[in-house]
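The values are calculated or read from the model by the stated rules, or taken from the named source; none is laboratory data. Worth saying up front: this structure is predicted, and the values here are computed from it rather than measured. All Cβ positions, even for glycine, are placed from backbone atoms using ideal geometry, and neighbour counts span all protein chains on display. Calculation scope for accessible area: heavy atoms of the full protein, side chains included, ligands and nucleic acids excluded. Shrake-Rupley method; radii C 1.70, N 1.55, O 1.52, S 1.80 Å.
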Amino acid sequence: MKQFSILPILKKIPILKNLNEDEESSIIQNITLQYFPADYEIFVTGAEGDGMYIIKSGSIKIIRDSENVATLHENDFFGEMALFS
């Protein structure tokens, strides 16, 4: 079931949009659903990334030096560069 709801989101991500079915399936099998409470720090500047995050619902703020740099919402993603390391 997870495959049907997440695949359209994966297709919107530039580095993932041209994957074949086997590659999509491999990625989907490695997706973990996580819940974070309000004001939770997912990671801090300078920390090594451990994965890519896709926002299923809610929103997050990207804050740098106490300043709100961006706000991401449902179906937005971040941390994709961690996939390369």
(Q) Residues to consider are Ile15, Ile6, Ile60; find the one that is over 17 Å from Met81 (Cα atoms), open to solvent by less than 100 Å² (accessible area, probe 1.4 Å), β-branched (Val, Ile, Thr) and at pLDDT below 85. (A) Ile6
Q | the range 58-82: number of residues that are of a type in the set (A, V, I, L, M, F, W, C) and either within 18 Å of Leu33 (Cβ to Cβ) or touching an Asp or Glu at 6+ places or on another chain (Cβ under 8 Å) (or both) | A | 5
**Q.** Some residue of the range 65-85 being in a loop (DSSP other than H, G, I, E, B), surrounded by 12 or more Cβ atoms within 10 Å (Cβ to Cβ) and of a type in the set (S, T, N, Q)
**A.** yes
Q) Got a number for residues in the range 29-72 being within 17 Å of Ser5 (Cβ to Cβ) and either touching a Lys or Arg at 6+ places or on another chain (Cβ under 6 Å) or of a type outside the set (A, V, I, L, M) (or both)? A) 9
**Q.** Scope the range 47-56; condition outside any strand (DSSP E or B) and open to solvent by less than 90 Å² (accessible area, probe 1.4 Å); matching residues
**A.** Ala47, Gly49, Gly51, Met52, Ile55
Q | Only one of Glu41, Glu23, Glu67, Glu80 that is at negative phi, modelled with pLDDT under 85 and among the acidic types (Asp, Glu) | A | Glu80
Q: Working only within the range 1-40, note down all residues that are part of a loop (DSSP other than H, G, I, E, B) and hydrophobic (A, V, I, L, M, F, W, C).
A: Met1, Ile13, Ile15, Leu16, Leu19, Ile31, Leu33, Phe36, Ala38
